[in-house]
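Trainee: To start, I am sharing the structure in question, which I have written as structure tokens.
The values are calculated or read from the model by the stated rules, or taken from the named source; none is laboratory data. Predicted model only: the values in this text are computed from it and were never measured. All Cβ positions, even for glycine, are placed from backbone atoms using ideal geometry, and neighbour counts span all protein chains on display.
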Amino acid sequence: MAGNARKPGRPRRSDMDQPTAERILQTAAWAFLRDGYDHVNLADVASQCGVTKATIYYHFANKAGVFAASMKQMMEQALRSTQAILQKPVPLRSRLHDIALARATVQSQMDFEAVVRSAMADLTPAQRAQMHEAEHELERVLAEAIREGITTGEVRELDPTLAARSFTLLVRALHQVEGLRPGTLESRVEAIVSILWDGIRI
């Protein structure tokens with residue numbers, strides 16, 4: 001009927017709600033991480049989500065906007081996962097191990113750093129700052145947990161922020177040298193956590 005006709009190029013009303021935007025971001029994130037920024041086509045992302053390309057452009061200005069928002073969403077999910085693990089009533093070392101394993105499991109499926117580097121030229125300063133802030137928030141909650149470990153006597157006196165940054169870099173290095181290290185992902189994570197823990201424990 002004429003009253004229900006949509007203007008050409010406009011997304012369906014059912015495609016314009018927040019769950020649709022989240023679905024687009026989740027689908028796009030894995031496409032970017034699997035295929036690389038340059039090889040992702042938003043038409044393919046739309047098809048995988050079951051929406052029109054116009055729907056994507058209704059929510060996001062361009063491909064760079066989809067990328068920045070999808071990476072931010074992924075880092076926010078990592079933050080929530082990290083906070084949940086840090087709230088467990090177990091020793092700090094066990095919590096650090098679980099965080100490292102969770103991150104390494106995701107990183108084993110892609111090269112996050114390479115994907116982000118390939119997209120940087122297309123991102124606005126604000127988008128870059130947004131991604132950096134999300135990353136810093138992850139390190140902040142780790143630093144707070146390490147600071148509490150100093151208070152409880154699990155960790156020696158040190159700079160919690162530096163220790164948190166070192167932890168993040170060690171976990172990233174696990175992915176970079178994965179092909180050079182024998183054993184399961186669990187054993188490689190344990191080796192990485194041991195390197196950090198031997199440096200910060202009492």
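Trainee: Would a scan of region 76-88 turn up a residue that is more than 30 Å from I150 (Cα to Cα), among the acidic types (D, E) and modelled with pLDDT under 95?
Mentor: no
Trainee: So, one more: Can you name the residue in region 104-163 that is of a type in the set (A, V, I, L, M), touching a Pro at 6+ places or on another chain (Cβ under 9 Å) and without any contact (Cβ under 8 Å) to a residue 40 or more places away in the chain and, of all such residues, is farthest from A28 (Cα to Cα)? Step through it out loud before you land on a result.
Mentor: Within region 104-163, the subset of a type in the set (A, V, I, L, M) is 104, 106, 110, 114-116, 119-121, 123, 126, 129, 131, 134, 138, 141-143, 145-146, 150, 155, 158, 162-163.
Pick out the ones that are also touching a Pro at 6+ places or on another chain (Cβ under 9 Å) and you get 142-143, 145-146, 150.
Applying the additional criterion that residues be without any contact (Cβ under 8 Å) to a residue 40 or more places away in the chain yields 143, 150.
On the way: A143: 30, I150: 40 Å.
Top of the filtered list is I150.
Trainee: Tell me whether region 176-187 contains one or more residues that are assigned by TED's automatic domain parsing to the domain that holds M75 and either within 18 Å of the chain's Cα centre (by Cα) or modelled with pLDDT of 95 or more (or both). I'd like the intermediate steps shown before the answer.
Mentor: Within region 176-187, the first condition is being assigned by TED's automatic domain parsing to the domain that holds M75, and the residues that meet it are 176-187.
Filter once more, so that each one left must be either within 18 Å of the chain's Cα centre (by Cα) or modelled with pLDDT of 95 or more (or both): 176.
Yes, that holds for at least one residue.
Trainee: For region 96-112, indicate whether the set of residues that are at pLDDT 90 or above and of a type in the set (D, E) is non-empty.
Mentor: Yes, the conditions are met somewhere in region 96-112.
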